[in-house]
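The values are calculated or read from the model by the stated rules, or taken from the named source; none is laboratory data. All of these numbers come straight from a predicted model, not from anything done at the bench. Counting neighbours? That spans all protein chains shown, and the Cβs are built from the backbone with ideal geometry, glycine included.
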């Protein structure tokens, strides 16, 4: 179940939201440092992380699910946002180079349909970057942040989920080792938490940032039984009567000897 877009915006305007924006944004930019000339699709609530790509990408499509609602972005210039049906994106096949999903797979009622649709619009070899709450973290347990709603993932679960929809995981990072508390003291030390946590307890990151590549497979015939029927079948020597003797046909009639 998606949260209301106004609640999302309100969270990211608070002090804790600004910390999340900074720490998660660093991981996203570490995996995608340069997307110049590429077409970027973002799905969910992604606007806190798109500013670095605004002047890089050839085009940015900020798709917000209808269940969540939509806001205009960026504040300056023409808006890049659009309201969409997450399972039926208004885009042609193979037209997008990169896809960023934040607050999407964990909140959607049909995450498999979302991934299949993203796979459809990506070019061959296109890349997906998904940000999801980590099942082992405190962030997935507290409903004071958007990461405490919906479905959290372990790294293995997310990798299996991506492979099920013909994506190949390529890289994974963790972010948000700071506890999900609004204490000013805790938030001021967020960078220190991030450095120590990344080294000492990487499995307990608040969110997982996973990159995957669109994989193409050889097509399978629509009617495999007909294709199999065209294959030659072996004939065993024991099925042929000896030369000079009478044999019995498959229908019980005696065949003349040679």
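Tabulated values for the structure
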quantity: Single match in 97, 106 (criterion: in a loop (DSSP other than H, G, I, E, B) and modelled with pLDDT of 95 or more); calculated: 106
quantity: Boolean, residue 180 is farther than 18 Å from residue 30 by Cβ, within 28 Å of the chain's Cα centre (by Cα) and not in a helix (DSSP H, G or I); calculated: yes
quantity: Looking only at segment 145-167, and only at residues there that are in contact with a helix residue (DSSP H, G or I) (Cβ under 8 Å, 6 or more places away or on another chain) and more than 22 Å from residue 126 (Cα to Cα), the one that is surrounded by the most Cβ atoms within 10 Å (Cβ to Cβ); calculated: 147
quantity: Segment 136-159 residues that are on the phi > 0 side of the Ramachandran plot, paired with ones that are modelled with pLDDT of 95 or more (beta carbon under 6 Å, 6 or more apart); calculated: 150/106; 150/107
quantity: Filtered residue count, segment 26-37, keeping only those that are touching a helix residue (DSSP H, G or I) at 6+ places or on another chain (Cβ under 9 Å) and either touching a residue at least 40 places away in the same chain (Cβ under 8 Å) or buried (at least 18 other Cβ atoms within 10 Å of the Cβ) (or both); calculated: 4
quantity: Output for segment 188-203, where each listed residue is farther than 12 Å from residue 138 by Cβ and buried (at least 18 other Cβ atoms within 10 Å of the Cβ); calculated: 190, 194
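Every residue, every condition in (1) within 15 Å of residue 176 (Cα to Cα); (2) in contact with a strand residue (DSSP E or B) (Cβ under 9 Å, 6 or more places away or on another chain); (3) outside the structural domain of residue 109 (by TED's automatic domain parsing); (4) at pLDDT below 95, yes or no:
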residue: 10; (1), (2), (3), (4): no, no, no, no
residue: 17; (1), (2), (3), (4): yes, no, no, no
residue: 28; (1), (2), (3), (4): yes, yes, no, no
residue: 38; (1), (2), (3), (4): no, yes, no, no
residue: 44; (1), (2), (3), (4): no, yes, no, no
residue: 47; (1), (2), (3), (4): no, yes, no, no
residue: 50; (1), (2), (3), (4): no, yes, no, no
